Amino acid sequence: MGITQHAFGGDAVQMILNLGLTKGFVGRDKCGLMPIRGHSSVQGGAEMGAYSTAFPGGKAVNPENADALSRLYGFEVPDWPGLTTPEMVNACDRGELDLLYCLGGNFLRTLPEPDYVRRALANVPLRVHQDIILTDQMFIAAKEEVILLPAKTRYEQDDGGTETSTERRIMFSPEIPRQVGEARAEWKILRELAQAAYPERAHLMGCETGWKMREEIARLVPFYDGVQHLKDIGDAIQYGGRHLCADWKFPTPDGKAHFRAVPLPQARRVVPGASAQAAEAPRRAAANNSTHSCMLK
């Protein structure tokens, strides 16, 4: 996380990849390029399309892929990308969002400039926080209302759940049958919300159970095929086999690895007494580049 979360994080990741390719640290035993993600199953969430700039399976957000998903589901899927986290916070600050829905996470503790983030979150008419614990961002008053939706932990998800490790291992955890207060499974909350928002499409939703959801994942994300067969504690699969790019064969048009030339950054510092506007530009660039660099991982 220290590599990516700064102004030149994306370029730093590319240079690490260049170094790894130069040293041959790909596709063989006892070496490799492994990004350590910050939270449990961030990898799996991204591969399921929980991204503003990618569809399930890492496919680009474009008309062609949106049309394919639309035919599969029976309703129109938008073909435009969403906002990244810094872009959403900036939009809140500008008063451009009527609703901010936060599923997990705590912007006050994961983004730079918490005072700015606090002001931005307070500038939204309605905020919804879905989480397994209380966080201090939930206590920031919104213009109109803050709604809290208690969720079950991953071990309590109805019909069990899976997580994906940084080594591409998809691991199954059976459901721990217990009910705490009004908490619901994460996926059930989102499914019921979608049904309420678009009742005319409710019959097209599918995913009535965790088992059916994993069957849909296997259909929609081919490299996750096998996830539908995980049923007992300890069940796991590793997509892509033991090594990606084994025998130095890469998933590129020519089958070769591609280096990327990365320009050296121009170091800048804010001179005391400079205008607030001049200081604002590099901060915004740093925040946006930080998010983009995580996508490169």
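Using the structure shown, decide if G10 is surrounded by 12 or more Cβ atoms within 10 Å (Cβ to Cβ), within 14 Å of the chain's Cα centre (by Cα) and over 30 Å from K143 (Cα atoms).
Details: surrounded by 12 or more Cβ atoms within 10 Å (Cβ to Cβ): yes; within 14 Å of the chain's Cα centre (by Cα): no; over 30 Å from K143 (Cα atoms): yes.
Criteria not met by G10.
Determine, yes or no, whether T84 is surrounded by fewer than 18 Cβ atoms within 10 Å (Cβ to Cβ), in contact with a Ser or Thr (Cβ under 9 Å, 6 or more places away or on another chain) and over 24 Å from A183 (Cα atoms). So that I can check it myself, show each step before the final result.
On the way: surrounded by fewer than 18 Cβ atoms within 10 Å (Cβ to Cβ): no; in contact with a Ser or Thr (Cβ under 9 Å, 6 or more places away or on another chain): yes; over 24 Å from A183 (Cα atoms): yes.
In short, no.
Would you pick out the residues in the range 47-59 that are of a type in the set (A, V, I, L, M) and either in contact (Cβ under 8 Å) with a residue 40 or more places away in the chain or at positive phi (or both)?
Residues of the range 47-59 of a type in the set (A, V, I, L, M): 48, 50, 54.
Answer for the range 47-59, where residues must be of a type in the set (A, V, I, L, M) and either in contact (Cβ under 8 Å) with a residue 40 or more places away in the chain or at positive phi (or both): M48, A54.
Which of the residues that make up the range 161-188 are touching a residue at least 60 places away in the same chain (Cβ under 8 Å) and either of a type in the set (S, T, Y) or buried (at least 18 other Cβ atoms within 10 Å of the Cβ) (or both)? So that I can check it myself, show each step before the final result.
Here is the first cut: in the range 161-188, the residues touching a residue at least 60 places away in the same chain (Cβ under 8 Å) are 162-173, 186.
Listed by number, the residues that qualify are T162, T164, S165, T166, R168, I170, M171, F172, S173, E186.
In the range 270-280, is there at least one residue being loosely packed, with under 14 Cβ neighbours inside 10 Å, over 19 Å from R168 (Cβ atoms) and modelled with pLDDT of 95 or more?
Within the range 270-280, not a single residue is loosely packed, with under 14 Cβ neighbours inside 10 Å, over 19 Å from R168 (Cβ atoms) and modelled with pLDDT of 95 or more.
Please state which one of V89, V124, V146 is among the β-branched types (V, I, T), modelled with pLDDT of 95 or more, open to solvent by less than 10 Å² (accessible area, probe 1.4 Å) and not in a loop (DSSP other than H, G, I, E, B). Walk me through how you get there before you give the answer.
Values: V124 fails: not in a loop (DSSP other than H, G, I, E, B); V146 fails: open to solvent by less than 10 Å² (accessible area, probe 1.4 Å).
The conditions single out V89.
Can you tell me how many residues within the range 110-141 are of a type in the set (A, V, I, L, M, F, W, C) and more than 15 Å from M88 (Cα to Cα)?
7
The values are calculated or read from the model by the stated rules, or taken from the named source; none is laboratory data. Quick caveat: nothing in here was measured; it's all calculated off a predicted structure. Every residue, glycine as well, gets a Cβ built from its backbone with ideal geometry; the counts of neighbours run over all protein chains shown. Remember, those area values only see protein heavy atoms, side chains included, never the ligands or the DNA or RNA. Shrake-Rupley method; radii C 1.70, N 1.55, O 1.52, S 1.80 Å.
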